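Chemist: Below are the structure tokens for one structure; questions will follow.
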Amino acid sequence: MGKEIIRLDNIRRHFQVGDETVKALRGVSFTIEEGEFVTIMGSSGSGKSTLLNTLGCLDTPTSGEYYLDGVDVRSMGKNERATLRNRKIGFIFQSYNLLAKTTAVENVELPLMYNPSYSAKQRKAMAIDALKAVGLGDRLYHKSNQMSGGQMQRVAIARALVNNPAVILADEATGNLDTRTSFEILVLFQRLHEEGRTIVFVTHNPEIAQYSSRNITLKDGKVISDTRNDNILDARAALAAMPVQTD
Amino acid sequence: MNFVNLFKIALKALSNNKMRGFLTMLGIIIGVAAVITMLAIGQGSKKSIQMEISEMGSNMIMIMPGAYMRGGVRSSSSDMESLKLADFSSIEASCPHVTFISPIVQSSAQAIYGANNTPTSIYGVNQDYLEIRSYKVGDGDIFTDQDIRTAAKVCVVGKTIVDNLFPDGENPVGKVIRFGSIPFRIIGVLESKGYNSMGMDQDDVILAPYTTIQKRILAINHIQQIVCAATSEADTEVAISEITEVLRTNHKIKAGDDDNFNIRSQEEMASMMNSVTSMMTILLAAVAGISLVVGGIGIMNIMYVSVTERTREIGLRMSIGAKGRDILAQFLIESILISVTGGIIGVLFGAVAAYLVQLIGNFPVSVQMWTVVLAFAVCTLTGIFFGWYPAKKASNLDPIEALRYE
């Protein structure tokens, strides 16, 4: 058994919309251990996004307990959660969310800017290391508008890695990419998994679940299945099997 | 998050939108430049007036006969014959805060030398008059006590008189000119003083012993004015009350009755002039200040647009660990950067504009340190004031909503 990174205990999240109470999460409990690659699936309206926001400490549950890397999140204030996000979480978004007209290195440095313990020199060195790790060593000073979607998502992944987080949270990270580029990104995620990183990947694409180590499915704010994947497909092989475009 | 990082982030954001930043700044630049120039003009004229007044002698006191009712008719003060030489002597004798004192009798006529003539005034005074009005004799000399006793027909002339009567550059000292029908021998020439703040030519003057004017021109026994100097500018008030005391006694004015004389000090005039120029300065500054406020509103507007436009960026920054106060500081620094940079450029522009006003318009200007400091402080405050609400709005965004913003 690895170290427990995420522990959800009967998480409920209710929203008040007008007179109605919308129950987005109705008692979700699970734990994720260090080194797991978990996909969270579910159709729209199943509570995926709310769960991800909760896991990402952007939102606090109405009831239930959430421990991230042993820290009780529910009792934390706004600023404490901001610091927690800065140190423990790496976010990857569907639409990359890179700063416009800003170089790859500067984008990746961003999380470290909000951590006063790093000097400018350290930040830059760490950002360059992270970009090299995602295969963008030759694109360090390209601006975000000079890169392809796949490259931008790699920059975003580098940004999520640079603070060496306890968990990487990906929200439809391949949603905006074509099939081939999606697989390239998946290869990268699998490699990060092999290196022992903990990844939570929210998606509505069932195909991706075949490449993760565990799949949690949500429906109507509840976990309806939580299965370990004993037969993890290799994204690298799938990529190699794809017809190479020649024209 | 340390300040240097925030500063870098703000600088980066501004450089991403150079044109917009510059145009926003322009509002502040114009505002500050206007404030600096207007204040420089206001201060300049104030300073030049102060200088003129102190040149005239800031401790000067003028005593004139007052207008008073005689049988229901209010008489003109110049018709009064209430000031006597005795008054002059008593003030000289018993007012310790009065240093220099001179009677004045004045007459206007044509001054003639050979084929040249000029209309001018002759002032009958004593030697103290030169001290009081800061005149200096260049060539020749001033008349003596002997000249006053004998009512000698000698005079000292100003440069304008010399220019008009001796256009060929003759040495006027020793020449005899006529004032009306009376011949006067020139014994000295005054150094040029130029025009005073009222536009009066201070060189268009002939000075002669007061006895000469009294006896030979006007045929009067009274004197028209007494002019004197207090021991210092600060002593003017004391000197005035001493003079009042002496004159009331001399003129046998009962307690409770009005004075039959007027006392004017330069200080009074200076304070009047000051209040006029201060009013002008305030007016100019107010107009300029309005343009600064307009510039500030420009900043606020742009910051609002910037916050809305960068909602997703704000969401991202928050999701990777920016606290509300980091976002607040980032946008606040941006607006302060705009306003302070605009302020620096504005101060430079304003100083240059003030210099041009002096150069081209020949108007006295004075850029003073406090106006620069004031403009700067106002700029920073403008940045904080007008940047606060947009920045606050940004810092209060919900990261989840902000990330989803399209």
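The values are calculated or read from the model by the stated rules, or taken from the named source; none is laboratory data. On a predicted model such as this, the values are computed, not experimentally measured, just so you know. Reconstructed Cβ throughout: ideal geometry from the backbone, glycine too, with neighbour counts over all protein chains shown.
Chemist: Under the condition of being in a helix (DSSP H, G or I) and among the aromatic types (Phe, Trp, Tyr), which residue from the stretch A:175-204 is farthest from residue A:52 (Cα to Cα)?
Modeler: A:183
Chemist: So if I check each of B:277, B:281, B:244, which one is part of a helix (DSSP H, G or I) and more than 25 Å from the chain's Cα centre (by Cα)?
Modeler: Within the list B:277, B:281, B:244, the selection yields B:244.
Chemist: Out of the stretch A:142-174, which residues are in a strand (DSSP E or B) and surrounded by fewer than 20 Cβ atoms within 10 Å (Cβ to Cβ)?
Modeler: A:143
Chemist: Among the residues of the stretch B:245-263 satisfying the criterion of being surrounded by fewer than 21 Cβ atoms within 10 Å (Cβ to Cβ) and touching an Asp or Glu at 6+ places or on another chain (Cβ under 7 Å), which is farthest from residue B:157 (Cα to Cα)?
Modeler: Checking each candidate, the answer is B:253.
Chemist: Give the residue that is farthest from residue B:317 (Cα to Cα), with candidates limited to residues of the stretch A:107-136 that are in a loop (DSSP other than H, G, I, E, B) and away from every other protein chain (no Cβ under 13 Å).
Modeler: Result: A:135.
Chemist: Tell me, which residue of the stretch B:200-239 that is in contact with a His (Cβ under 9 Å, 6 or more places away or on another chain), assigned to a helix (DSSP H, G or I) and among the β-branched types (Val, Ile, Thr) is farthest from residue B:159 (Cα to Cα)?
Modeler: Once the filter is applied, the top-ranked residue is B:238.
Chemist: Sort through B:301, B:362 and tell me the only one that's farther than 30 Å from residue B:47 by Cα and surrounded by fewer than 20 Cβ atoms within 10 Å (Cβ to Cβ). Spell out the reasoning first.
Modeler: Details: B:362 fails: farther than 30 Å from residue B:47 by Cα.
Of B:301, B:362, the one residue that is farther than 30 Å from residue B:47 by Cα and surrounded by fewer than 20 Cβ atoms within 10 Å (Cβ to Cβ) is B:301.
Chemist: Residue A:127 fails exactly one of the following numbered conditions: (1) closer than 17 Å to residue B:9 by Cβ; (2) of a type in the set (Gly, Ala, Ser); (3) modelled with pLDDT under 90. What is the number of that condition?
Modeler: (3)
Chemist: Continuing with this model, one more query. Residues to consider are A:35, A:64, A:90, A:27; find the one that is assigned to a loop (DSSP other than H, G, I, E, B) and in contact (Cβ under 8 Å) with a residue 24 or more places away in the chain.
Modeler: It is A:35.
Chemist: Identify all residues within the stretch A:205-232 that are surrounded by 14 or more Cβ atoms within 10 Å (Cβ to Cβ) and in a helix (DSSP H, G or I); write none if there are none.
Modeler: Listed by number, the residues that qualify are A:207, A:208, A:209.
Chemist: For the stretch A:81-104, give me each residue that is over 20 Å from the mean Cα position of the chain (by Cα) and more than 8 Å from chain B (Cβ to nearest Cβ).
Modeler: A:103
Chemist: Please verify whether the stretch A:99-119 includes one or more residues that are more than 28 Å from residue B:404 (Cβ to Cβ), small (Gly, Ala, Ser) and free of Cβ contacts under 8 Å to residues at least 40 places away in the same chain.
Modeler: Yes: the stretch A:99-119 contains one or more residues that are more than 28 Å from residue B:404 (Cβ to Cβ), small (Gly, Ala, Ser) and free of Cβ contacts under 8 Å to residues at least 40 places away in the same chain.
Chemist: Still on this structure: Mind checking which helices (runs of 4 or more DSSP H) fall wholly inside the stretch B:74-158 and carry at least 3 residues that are modelled with pLDDT under 90?
Modeler: Working: elements: B:85-94, B:128-132, B:145-149.
In the stretch B:74-158, B:85-94, B:128-132 are the helices (runs of 4 or more DSSP H) which contain 3 or more residues that are modelled with pLDDT under 90.
Chemist: Same structure, new question: Condition first: more than 14 Å from chain B (Cβ to nearest Cβ) and of a type in the set (Gly, Ala, Ser). Can you find one or more residues in the stretch A:151-171 that meet it?
Modeler: No, the stretch A:151-171 contains no residue that is more than 14 Å from chain B (Cβ to nearest Cβ) and of a type in the set (Gly, Ala, Ser).
Chemist: If you don't mind, another one. So which of B:176, B:156 ends up being closer than 16 Å to residue B:111 by Cα and touching a Leu at 6+ places or on another chain (Cβ under 6 Å)?
Modeler: Matching residue, one of B:176, B:156: B:156.
Chemist: Just to verify a result, which residue in the stretch A:49-74, among those that are out of contact with any Lys or Arg (no Cβ under 9 Å at 6 or more places or on another chain) and modelled with pLDDT of 90 or more, is nearest to the other protein chains (Cβ to nearest Cβ)?
Modeler: A:52
Chemist: Among B:317, B:325, which is the only one that is within 14 Å of another protein chain (Cβ to nearest Cβ), surrounded by fewer than 21 Cβ atoms within 10 Å (Cβ to Cβ) and part of a helix (DSSP H, G or I)? Spell out how you get there, then give the answer.
Modeler: Working: B:317 fails: surrounded by fewer than 21 Cβ atoms within 10 Å (Cβ to Cβ).
Testing whether each residue is within 14 Å of another protein chain (Cβ to nearest Cβ), surrounded by fewer than 21 Cβ atoms within 10 Å (Cβ to Cβ) and part of a helix (DSSP H, G or I) leaves just B:325.
Chemist: Do we have residue B:268 as without any contact (Cβ under 8 Å) to a residue 40 or more places away in the chain, surrounded by fewer than 23 Cβ atoms within 10 Å (Cβ to Cβ) and within 14 Å of chain A (Cβ to nearest Cβ) here? Give the derivation first.
Modeler: Working: without any contact (Cβ under 8 Å) to a residue 40 or more places away in the chain: yes; surrounded by fewer than 23 Cβ atoms within 10 Å (Cβ to Cβ): yes; within 14 Å of chain A (Cβ to nearest Cβ): no.
Judged against the criteria, residue B:268 is not a match.
Chemist: Does any residue in the stretch B:1-13 that is touching a residue at least 24 places away in the same chain (Cβ under 8 Å) and facing chain A (nearest Cβ under 10 Å) come within less than 6 Å, Cβ to Cβ, of a residue that is among the aliphatic types (A, V, I, L, M) and buried (at least 19 other Cβ atoms within 10 Å of the Cβ) six or more places away or on a different chain, and which pairs are these?
Modeler: Going by the 6 Å Cβ cut-off, the qualifying pairs are B:6/B:329; B:6/B:333.
Chemist: Among the numbered criteria (1) over 19 Å from residue B:101 (Cα atoms); (2) surrounded by fewer than 17 Cβ atoms within 10 Å (Cβ to Cβ); (3) out of contact with any Ser or Thr (no Cβ under 6 Å at 6 or more places or on another chain), which one does residue B:201 miss?
Modeler: All conditions pass for residue B:201, except number (3).
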